[in-house]
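The structure under discussion appears below in the form of structure tokens.
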Amino acid sequence: MIYCRLSVSAEKVKYSTACPGATVELPCHTAASYYVDWRRLQTLSSDHDYIYSLGHITAEFRSRFSVETSDTGDVFMYTLVIADAQLNDSVYYLCWEDAGLGNRHFYHLNVTGRLGGTGA
């Protein structure tokens with residue numbers, strides 16, 4: 001597996017919150033039919049793990065992660081879907097266009113609360 005360090009300012013990050021057990025969708029769009037990579041990072045400047053690259057989910061993520069693709073002719077969508085969100089899914093996610101050569105789209109997912117809880 002190849003690792004690298006990235007750096008990005010916090011204002012370029014999109015934030016999302018989910019409850020444990022929820023299905024999370026993180027959209028990524030590109031104006032060309034480039035492949036995208038979805039990567040997982042603990043911090044904005046940490047090493048990352050590949051979730052999706054060159055059209056395939058990597059083995060360690062196959063049980064709960066998938067990528068739904070669609071295209072309207074002008075826009076190509078690569079939506080990362082995380083099934084049964086877990087507390088340890090609370091990290092940064094990066095969609096990088098053109099298999100790591102193009103634009104970057106950052107998300108921070110915060111999975112919080114109790115599974116099946118009604119509040120305290």
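The values are calculated or read from the model by the stated rules, or taken from the named source; none is laboratory data. Everything numeric here is computed off the predicted structure, so don't read it as measured data. Every residue, glycine among them, receives a Cβ derived from its backbone with ideal geometry; neighbour counts consider all protein chains shown.
Evaluating Tyr3 against the criteria (1) surrounded by 15 or more Cβ atoms within 10 Å (Cβ to Cβ); (2) at pLDDT below 85; (3) among the aromatic types (Phe, Trp, Tyr) leaves one unmet condition, (1).
Restricting attention to region 64-95, the residues being closer than 22 Å to Ala18 by Cβ, in contact (Cβ under 8 Å) with a residue 40 or more places away in the chain and of a type in the set (Phe, Trp, Tyr) number 3. Note on region 56-68: residues that are surrounded by 12 or more Cβ atoms within 10 Å (Cβ to Cβ) and in a loop (DSSP other than H, G, I, E, B) total 2. Do the conditions hold for Ser53, that is, is it among the polar types (S, T, N, Q), surrounded by 13 or more Cβ atoms within 10 Å (Cβ to Cβ) and modelled with pLDDT of 95 or more? Judged against the criteria, Ser53 is not a match.
Here is a list of conditions, (1) over 18 Å from His29 (Cα atoms); (2) more than 12 Å from the chain's Cα centre (by Cα); (3) not aliphatic (A, V, I, L, M), and Phe61 meets all of them except one; can you say which number that is? Unmet condition: (2). When the residues of region 69-92 are narrowed to those that are in a strand (DSSP E or B) and over 12 Å from the mean Cα position of the chain (by Cα), which ends up modelled with the lowest pLDDT? Among those residues, the one meeting the criterion is Asp71.
Checking each residue of region 30-47 against the condition of being modelled with pLDDT of 90 or more and part of a loop (DSSP other than H, G, I, E, B) gives no match.
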